[in-house]
Every structure is written in structure tokens, then in C-alpha cells.
Amino acid sequence: MKKLLGMVVIGFALVATQVAYAAGPGRHEVELGEDGLHKQPWFSVTFKDVREDIEAAAEEGKRLAIIVEQRGCIYCKRLHETVLSDPEVADYIKANFKMVQYNMFGDEEVTDLDGEVLSEKKMLRKWGMVFTPTIAFLPEKAPEGGTVAQAAVSTMPGAFGKWTTLNMFRWVRQKGYNGEEHFQKFHARIIAELRAAGRLSN
């Protein structure tokens, strides 16, 4: 835990009003909500009952992904503006995942898989999440009991570039976590294919 604390992002406070950030080529604008978190129009707004969210995602043929952010997080801002607003990334996530946003210091109630109800800030401490952004990927079916930290099939702490982020979502969707191919090897293979296809210059 102490090692992770050193990775915590200490952001500068932002005005808690709706702000639209300039989007790059082919990207949509990213809004800043009243809670100070950046919002994608395709994020799912739920009651944050994890079991229900896993089941709702499954009914749509999707997987549940939880993204943890905090007000003033410059890395969250970068992730939204350069990666999640990229049409290729956004389209893939929308088609395959139900993504729910959690506030590192929020007060909304969250119901864990074991039935415990806590505020976002207390639940995220329970799950051991101290870095923003963090994306936790949940299994296709909700396990009986346990916590999100125990059930997550993979967790991505940090803001990575387009291909690392997109490939993580693809790897989870293809159930690479079952052991057929380690993510790093999967990612390297996809990058090699992109280079061969001329989509990457180096």
C-alpha cells in the first residue's frame, strides 16, 4: 500500500462547472461535470450496484469496466482528450463494454459484490485503489460474494496511449486473462501487425 501511495496523483482543483475541452482531429469535445470529472457521452450512469451492473452489461452482450478518476487529475484529462475521445477507441469500448465512472473522493453509495454498501471514497479504499485513472475489468458473471478487487480479471492503473489502452480492452474481451497469451505479448503482436500494415511509423 505504501508503494502505491507514492503513485497517487495530486491534481489541482478545477472549477466544478460544465466545461468543454477542445478536441483533436476526429475527436469529440470532452465535458467536465459538476463533480470535476471528465465525462464521455457513452459512459453508463447507474446506481453503482456492481452485481447489477455486471448483469446489465451481460444482457447487452458486453463486459463491465469501472473507471476511477478524481477532480484535477491531469492524467485523467489526458486519457479523455487523447484516448477515450479517439473514435476507434470509443467505438470499440461502446460496442463491447459498459463503462461506469467512480469518483475517488465521491460520496455516492456503492454496493460491492459481497453486498456491503459504502460511499465511493470508502469503497475504493476497500478495493485498494489509490491511483487515478484506474480501470478495473469485471468478469462476465458476478461471482458469489467477494469484492471487486478480488473479482477483477484485470486492472489498468494509469493513463496509457491509444494502442495500449485499446489493446487492453481487446485482450479482456478476448479473455486473454485466461492464460492463452499474456497481455504484453498480445500487445506486442498487435503493434507489429499495425506497423506491417503501415498504421504506425515506428
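The values are calculated or read from the model by the stated rules, or taken from the named source; none is laboratory data. On a predicted model such as this, the values are computed, not experimentally measured, just so you know. Here the Cβ positions follow ideal geometry from the backbone for every residue, glycine too, while neighbour counts run over all protein chains shown.
Residues of segment 59-82 being of a type in the set (A, V, I, L, M), over 16 Å from Leu124 (Cα atoms) and buried (at least 22 other Cβ atoms within 10 Å of the Cβ), which ones?
Within segment 59-82, Leu64, Leu79 qualify.
Tell me which of these Leu200 doesn't satisfy, since it passes every other one: (1) buried (at least 19 other Cβ atoms within 10 Å of the Cβ); (2) in a loop (DSSP other than H, G, I, E, B); (3) in contact with a helix residue (DSSP H, G or I) (Cβ under 7 Å, 6 or more places away or on another chain).
The number of the failed condition is (1).
Go through the residues of segment 185-197 one by one and say whether even a single one is assigned to a loop (DSSP other than H, G, I, E, B) and either at pLDDT below 95 or on the phi > 0 side of the Ramachandran plot (or both).
yes
Considering only segment 117-130, state which residues are part of a helix (DSSP H, G or I) and of a type in the set (A, V, I, L, M).
Met123, Leu124
Within segment 171-181, take every residue that is assigned to a helix (DSSP H, G or I) and over 13 Å from the mean Cα position of the chain (by Cα) and give me the one that is surrounded by the most Cβ atoms within 10 Å (Cβ to Cβ).
Trp171
From the list Leu124, Leu118, Leu138, exactly one residue is touching a Leu at 6+ places or on another chain (Cβ under 7 Å) and not small (Gly, Ala, Ser). Which is it?
Leu138
For segment 150-169, give me each residue that is part of a helix (DSSP H, G or I), crowded, with 16+ Cβ neighbours inside 10 Å and not polar (S, T, N, Q).
Ala151, Trp163, Leu166, Met168, Phe169
Regarding segment 50-60, can at least one residue be identified that is at pLDDT 90 or above, assigned to a loop (DSSP other than H, G, I, E, B) and closer than 24 Å to Pro87 by Cα?
yes
How about segment 131-149: which of its residues are in a loop (DSSP other than H, G, I, E, B) and among the small types (Gly, Ala, Ser)?
Matches in segment 131-149: Ala142, Gly145, Gly146.
Taking into account only those residues within segment 70-116 that are of a type in the set (Phe, Trp, Tyr) and part of a helix (DSSP H, G or I), which is farthest from Ala57 (Cα to Cα)?
Tyr75
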